[in-house]
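Everything below concerns the one structure shown next.
None of the figures in this text is laboratory data; all of them are computed from the coordinates on show. Since this is a predicted model, take the numbers as computed values, not measurements. Reconstructed Cβ throughout: ideal geometry from the backbone, glycine too, with neighbour counts over all protein chains shown.
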Amino acid sequence: MTLFSTAQHIARSTRKDPRGHLLPIVLACAVAAGAIVLVAFLLWPTWEPEVSSDPARLPMSIGGTLFNVPTAAIRMKIQRRSGAQERVDLNFAFPSLQAPEAPKHVSADSVEDAVQPIDRIFLSISEHHDSLAPDARVRTIYPRYLEEAATAGQDGLTTRAFRDGSPYGNEDLFFASTPNINARCTRDAATPGMCLSERRIEGADLTFRFPRSWLEKWREVADAMDRLTLQLHGPK
């Protein structure tokens, strides 16, 4: 009866004032909106973003050689596991040698602004399968393709160019003994030159890659490679 009486009252009010029916509609909408807000508040997720449960370092065996690898430095997610592996690819901020921060999202509008100079050193550790050792390659293979003339570089670093038409054409070999460094580097062209420096530890080869421009501070680069080797494998 109450509902019927209310309806009659609204009908009479509407006949007297055609705009009188707007008030109940507005009130009903306000009540509905309030109900929606309340339900949304009650159902809104309250959990915190999940913190990664990955360990800070992972023990890995590569070529039967044990390495203790920072998890955040591993470049490929599929390689983020402990145990025996054929290869692992890492990168470290330079000169801090800390694992780099996760890359930020790049949109089409900001891609040009996102291009930055390389600020990290890359390292691949792989099983060598009894291939020629890196130091033996420097002594016995590279000299076959090098130009005769050597150029004394900055702060004791020596440079010899590879002959054009050789397997290492358009590259140069940089070397020094104190501290020890051997790096084969491409020359600057459309893209900046990159250097490759290798060393062997037991059953694994370590291949470092870094910009050629860093050779202006080659002693720091040589020290960084030594420090990373020690951090990953421990004293020789």
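Ranked by how many other Cβ atoms sit within 10 Å of their own Cβ, fewest first, the residues HIS129, HIS233 fall in the order HIS129, HIS233. Here the residues VAL88, VAL138, ranked from fewest to most Cβ neighbours within 10 Å of their Cβ, fall in the order VAL138, VAL88.
Residues in the stretch 192-236, backbone N under 17 Å from the label point at LEU66 (7 Å along the Cα-to-beta-carbon vector): list them, ranges by number please. Counting only backbone N, you get 201-204, 230-236. Scoring 180-189, 205-214 by mean Cβ neighbours within 10 Å over their residues and listing the highest first yields 205-214, 180-189. A crude spin-label estimate for the pair GLU216 and THR151, with each label 7 Å from Cα along the Cβ direction, gives 1.6 nm.
By the count of other C-beta atoms within 10 Å, a proxy for reagent exposure, ILE118, ILE141, ILE74 are ordered fewest to most as ILE141, ILE118, ILE74.
Phi angles of the stretch 152-168 translate, via the Karplus equation with coefficients 6.51, -1.76, 1.60 and θ = phi - 60°, into HN-Hα couplings of 6, x, 6, 6, x, 8, 9, 10, 10, 7, 7, 5, 5, x, 7, x, 10 Hz per residue; Gly and Pro are given as x. If R0 equals 35 Å, the separation of the Cβ atoms of ASP89 and ARG187 corresponds to a calculated FRET efficiency of about 0.90.
Taking 0.36 nm per residue of separation and subtracting the current Cα-Cα distance, fully stretching the chain between ARG75 and LEU132 would add 17.9 nm.
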